[in-house]
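Reviewing the structure listed below.
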Amino acid sequence: MESTQHDKKRIGHFTKPAGIAVFWGLGLILAFVLVRHHNPLADQVTERMKKVSGCVLIAFTCMIFALYYDRIMTIPAELFQSRKLIWKLAKNDFKKRYAGSYLGIVWAMAQPVVTVVMYWIVFDKVFDTRSQLVASGLEVPYVLYLTAGLVPWFYFSEAITQGTMALIEYNYLVKKVVFNISILPIIKVIAATFIHVFFVCVLLLVSVCYGYYPNVYTLQLIYYSICLFLFVLGMSYLTCALVVFIRDLQQIINIALQIGMWATPILWNIEMLTTDNMKTLFKLNPLVYIVNGYRSAIYEKVWFWEHFYSSTYFWIFTISLFCVGTLIFRRLRVHFADVL
């Protein structure tokens, strides 16, 4: 106990100036690169707006981090200290989810596979969506395009659903004074990652079947998976803390996932939108960056840094979401046991 308290004190105070300095340093570097970046083919007014908006978001994120450094860094420190326990509980959670059924984890993999097949039959074979996508510039088989979009969506949907209910499902642990409940959301997200790894393998198999073999660009799947992991983790800390007091949030999230499925270019191509303003509006959805990233890694042969503004926006949004999520979780944590 004394060692843990000493570690928290060291993280919260002795390294605080260094931590803030490093974060501000990274923010200044990113702002400098953002200002210096120039795309001669882009509209200069839009380019200037993106740069100003990006710098404002960077400055805002850095100020929030500096003001709430102690509170923000508490949960990351706790997660690092409990990393072995987290891994063990995540594996147990994954096994427990399908315990008692004859086919076990096969059910976890069967439903998404059936979903992909059904969407492919309905939209490609019945409604001939493929021809519309070709008209918008798509040159790959629709089933590959569809699978590359659904794989990260399945991961997000599963992780946010399970992560939101982490505290309620493990309410008996929340009521234990000595248990560190901050590890519960990440346990659910890691458990969902196990299934995601399987579907990434399925995605690679589909791409090979259509002649798109793994190459150096394919390694970006690791990068985009990490992006999605951190994004959904930050969101899970926010939603799991709020759902304890607002149980209707679970149903709201289920509805939002249904809407988000269509608001994200998974079954359709964002290039089908006729105006740049509409494209920009849809790209405010961070999952657009992830879905397009998976496709870039599989068949487009485009590096993530080539989508400079999208990458900058995604990381600023994700870091801000994680900071807000962990702050709210930490603020409400003392009331969880009373409500549950």
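The values are calculated or read from the model by the stated rules, or taken from the named source; none is laboratory data. Quantities reported herein were computed from a predicted structural model and do not represent experimental measurements. We place every Cβ from the backbone using ideal geometry, glycine too, and count neighbours over all the protein chains shown.
A few comments on the model shown:
Every residue, every condition in (1) under 23 Å from G211 (Cβ atoms); (2) at pLDDT 90 or above; (3) part of a loop (DSSP other than H, G, I, E, B), yes or no:
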{"residue": "L257", "(1), (2), (3)": "no, yes, no"}
{"residue": "W268", "(1), (2), (3)": "no, no, yes"}
{"residue": "M278", "(1), (2), (3)": "no, no, no"}
{"residue": "F282", "(1), (2), (3)": "no, no, no"}
{"residue": "L287", "(1), (2), (3)": "no, yes, no"}
{"residue": "I290", "(1), (2), (3)": "no, yes, no"}
{"residue": "A297", "(1), (2), (3)": "yes, yes, no"}
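- Criterion (closer than 26 Å to F336 by Cα and surrounded by 14 or more Cβ atoms within 10 Å (Cβ to Cβ)) met by exactly one of L221, L228, L204, L249: L249
- Any hit, the stretch 73-82, residues being at pLDDT below 80, surrounded by fewer than 16 Cβ atoms within 10 Å (Cβ to Cβ) and either of a type in the set (G, A, S) or within 21 Å of I316 (Cα to Cα) (or both): no
- Total residues in the stretch 144-155, condition farther than 11 Å from R295 by Cα and surrounded by fewer than 24 Cβ atoms within 10 Å (Cβ to Cβ): 2
- For N180: the one exception among (1) surrounded by 15 or more Cβ atoms within 10 Å (Cβ to Cβ); (2) at pLDDT 90 or above: (2)
- Condition met for V334 (in contact with a helix residue (DSSP H, G or I) (Cβ under 7 Å, 6 or more places away or on another chain), farther than 24 Å from F32 by Cα and among the β-branched types (V, I, T)): no
- Any hit, the stretch 49-60, residues being outside the structural domain of G234 (by TED's automatic domain parsing), surrounded by fewer than 16 Cβ atoms within 10 Å (Cβ to Cβ) and modelled with pLDDT under 80: yes
- Qualifying residue in the stretch 93-108 (condition: over 20 Å from A159 (Cα atoms), modelled with pLDDT of 75 or more and surrounded by 11 or more Cβ atoms within 10 Å (Cβ to Cβ)): no
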